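Here's the structure we're looking at; comments come further down.
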Amino acid sequence: MLKAIKLFLGLLLVSIILISSVLFSGIKINSLSFGNVSLSQFYIKIDKKLIVDIEKISIKSKKSSVTSSYDDLKKNIELFPTILKIFQKIDIRKLEIDGNEFTIALNEEALYLDNKFVNISSKLEFNSSQVIFDIYSLYLKDVELMLSGKAKIDYYKEKLDLLGKYNYKDLNGDITLDMTKDLANFYLNSNEFESLSFLKKFFRLDSIAEAWMYDNVKGKLQLKEFYGSFDLEKNKIIEKSLSGNAVIKNAKIKFNKNAKQISTTQIDVSFKNDKLILDLIEPVYEKIKIDGSYVHIHNLTSERNGLVEVNIKASKAKLDNRILNILKNYNINLPLVQKTGFTNASVNLKIPYAAKKKMDTRGKFILGKSNIDLNGFLFSTNKATVILDNSKVKVVNADIKHKNMIQADLNFTIDTNTSSAKGNAYIKSFLIEDSGDKIVNITKVKTPLFFSYKNDVEIKLDAINTDIKIADLIYVDIKKLSSIYKYSKLLQDINIKNGVLALKIKDENDISFTSSISNLDFPLQRNNKKINSLQVKGLIKKDYVKVDTLDEKIKVEIKNKNIFISLIDTDIVIDTKSSSNKELPILNINAKNAKFKLDNDIYNIVSAKAKISPFLISFSASVKDLDIPIQKEGKKVSSLDIKGTYANNIASIETLDKKIKLKATGSKKLDIDLKNYDVLVNTKNEDESKIRDLNIEGENSTIIVNEKFKFLADKFSLRLRDNNKYFHLNHKKTDFTFKESKDKKIDIFASDISDTFINTIFDKKILSGNDMQFLANGTPESIKGKMILKDVKIEDLAILNNLLLFINTSPALINPLLAIPSVVGMATNGGFNLTGYKLIDGLLEFDYHQDKKILDINRVSTVGNGIDFDGKGKIDLNTEKIDSEINLIFLKDYSKVVGAIPIVNYVLLGKDNRVETKVNIFGALNNPKISTNLTKDAFSVPVNIAKRVLTSPVEFVNFLKALGKDTKEEKK
């Protein structure tokens, strides 16, 4: 375009010279064409300077290099000094140059120019070297910018100064411009306007910077001052020269396009050294005052080093979703939400233009008394400091409390990339309770801390081997019960030290759990093995605790601190010597199909109820399969309904009918009372009893020895000590006493022994009559004694039966005439016969040797009707065999007949006035054999009689002397 104008002016100048002679009068040409130029209605005249009036000029040339109003204005200003030196007046109504159409009116007082890019109307003043434009309007059409004011052009200095006003859409203000050939410096201010977005046409930045320049801030913007320089050679702004200040009133600002707006009364804007500063005055973000917040854009125009710094401050605000959402817009996810309370917050974000560079995030949140939600985990705090360091969030000196469950001081660091944290905790209190009863109460414990909140909040407390998960419920997994045993009254009460426990906590009044417990020290057994581990489940509601084993054979309920245990197929074992019993809690036990083991005693339980405490055990039970030495009505007792207590090392048991009472003091003393029960004694049992003090009182009882011998007792007493023994029995008039002193002296006495008592012992009718005595003494190794009988009839005894049978048959073979009166005499006087033997007096003296188990019968002497016995023998109790020698004295009726005739008595009966013979009894006690010399003695009777006939006179004289002596004595 410049070349076209120069060509045009050159032609115009040549024409003027050629026709200068006629110019003073004026030249008018209707049309003219030469080269690429054509004119119509051309008029030219010269006065002081040239005056040109042209209707239309068309110039065809190479395309103009002018592409904007700024270029056009620049080129025109460059020509003004030259044109104004030559022309006095130019009036071109239509100038066409390659599509750019001009209207030009120029004289010494005014300038009007209108073309495609520029419209200018100005008054002119001329000095020797200057032109002063009083610009009415200068409109740059492509940018829609209107200027007005005064401009001064210095021809020689080639400098233009402009002082005026500008108007761009709704933006207007003052502008100052000083421009040389190479550089244009400008200053401007403005009235209030809405947005800087119009600068996008002229001033392109990084997208992040442009978002802050044009999109993130809305409000009434007013430039206070703005300075800058423009390089006219390079045709661009000199960025380092830009500086300025502005205010935005009643502004709305977004820290991120996705964030909600911040309202401020004003934003103070400053720009210098390529740094844009936005200071927020009285900013409010969703009713949160964030005074002190600002935005700084460093290296505004540098795509490589550009950086947006956002600083957010909030005093007495909540760290809730309103603030957290700002951080989320920058992919910063703090897991903490403050529900109540206030926080002093400061967050600084540095966001680089370059995508390869990482954003730098720093922040500090000082929390006062608050309620916090940690991804669903609700807790309160009196104080806490949260420090944001990019993806790390440090929580320092957090005094937290969750309901009445957890109170602790925490220091930990959260990694927002992994949604996890680690640090340490000082647990002031970790409490799980039901209505005030502390199940777990951990206090004053330091522990490493780890938790994750990616899905649910999961907390690990290594020092107490505990994991906590917070989701719909609170899940507490205690991996080692030993870690919390000393902190749990419940575990101490039920003596559980080892295992694992998993709790599901809805609230403090609704807790369920499962547990695997081991190394138990409960008084429980199954299949004769101690139960040392259990799998259980249960629940805790207020003051109620329920625990069941998975097989439901053990159930535990705790109500108001009382523990109730239900047992099926599970045995209760009480070792009275064990010190662990003192550690037992108060247990109320209901058992079925179980065994109750008290020391060495075992009771098979159909059903039972027991209350066990460290100092008292009480119980009632229906027991079966008993193996105790008592029987009733001929049947061994195998089941009983009993009740009892154990306290202070004393066990007391009695049947519900109170017929059996037992009291055991430790393992050494036992007291038993029996009524209407028979006692079984096994003398063959060689097991040594551990009881050193045994006392048995019996009433209406039978003592059965070795299942064979029965001793009736209306009452009996038995006392066994280490240093003495005592047994006393009464049955009707029968009185039996056994004593063993501490020096091992034994005394046995029995009086008025009845036939019923004796016959019952052997379970057969052995004798009749009730006048029998028994005396013995000695030591356990050797006992000597005797038995005295009077007016007793022996009814059934194998030895006697065999002997009497032999005696009754032998005399008839030898002397039937002698036998007849004897047999008649025994029959008529109630002597003996095959069904018994009437004993008038009897004496049995014996010596018993315990080591050999030999019973020596030193003497057996009886006086009966018809026959007497006198002899001795031996019984081997090992083999139950007898070996004895007995003298039989019989034919006593003859002595009655002849006894009154002295010589006849002597001749027939001999000096001893009797007939006797010896009998050997030997063999088994139950059927002994008998051998005798009875036949030999019978054949020798006549010879003896003859001898006595020869000697009878002497005997007769002696008889008379004795008779005379007796007569004298009688007279005296």
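Where a number appears in this text, it was derived from the coordinates with a stated rule and is not lab data. As the structure is a prediction and not an experimental result, all values here were calculated from the model. Glycine also receives a Cβ, built like all others from the backbone with ideal geometry; neighbour counts cover every protein chain displayed.
Note on Asn700/Asn519: beta-carbon distance plugged into 1/(1 + (r/R0)^6) with R0 of 60 Å gives a FRET efficiency of 0.70. If the segment from Lys708 to Asn191 were pulled out straight at 0.36 nm per residue, it would be longer than the present Cα-Cα gap by 172.8 nm.
Summarising the label geometry, the points placed 7 Å from Cα in the beta-carbon direction at Asn926 and Asn329 lie 11.4 nm from one another. Label positions at Lys141 and Lys715, each projected 7 Å from the Cα along the C-beta direction, are separated by 14.8 nm. Net length available on complete extension from Ser315 to Lys240 is 23.3 nm, with 0.36 nm assigned per residue and the Cα-Cα distance removed. Annotation: for a label point projected 7 angstrom from Cα along Cα→Cβ of Leu473, no residues of the stretch 371-403 have a backbone N closer than 11 Å. Checking the cross-link pairs Lys659/Lys790; Lys316/Lys356; Lys546/Lys659; Lys260/Lys394; Lys663/Lys765 against a 31 Å limit on the alpha carbon distance flags Lys659/Lys790; Lys316/Lys356; Lys546/Lys659; Lys663/Lys765 as lying beyond it. Whole Å is fine, so just give me how far the alpha carbon centre of the stretch 328-353 lies from that of the stretch 604-625. For the stretch 328-353 versus the stretch 604-625, the Cα centre distance is 66 Å.
Between Leu844 and Lys675, the FRET efficiency from the beta-carbon distance, with R0 = 60 Å, is close to 0.95.
Applying 1/(1 + (r/R0)^6) with R0 = 41 Å to the Cβ-Cβ distance of Ser618 and Lys506 gives a FRET efficiency near 0.65. Which entries in the list Lys555/Lys624; Lys234/Lys350; Lys446/Lys480 go over 25 Å, if you measure between the two C-alpha atoms of each? Table pairs above 25 Å Cα-Cα are Lys234/Lys350. For the stretch 212-248, there are no residues whose amide N sits under 12 Å from a probe point set 7 Å from the Cα of Arg304 along the beta carbon direction.
Here the stretch 255-332 is assigned +1 on the Cβ of each Lys and Arg and -1 on the Cβ of each Asp and Glu. Its dipole about the Cα centre then comes out at about 300 debye.
Comparing Ser195, Gln266, Ile326 along the charge dipole axis of the stretch 189-365, the residue lying farthest to the positive side is Ile326, per the Cβ-charge model.
In a fully extended conformation the segment linking Lys918 and Lys358 would gain 188.2 nm over its present Cα-Cα distance, using 0.36 nm per residue.
Take the Cα of Asn404, step 7 Å toward its Cβ, do the same at Lys165, and the gap between the two points is 7.7 nm.
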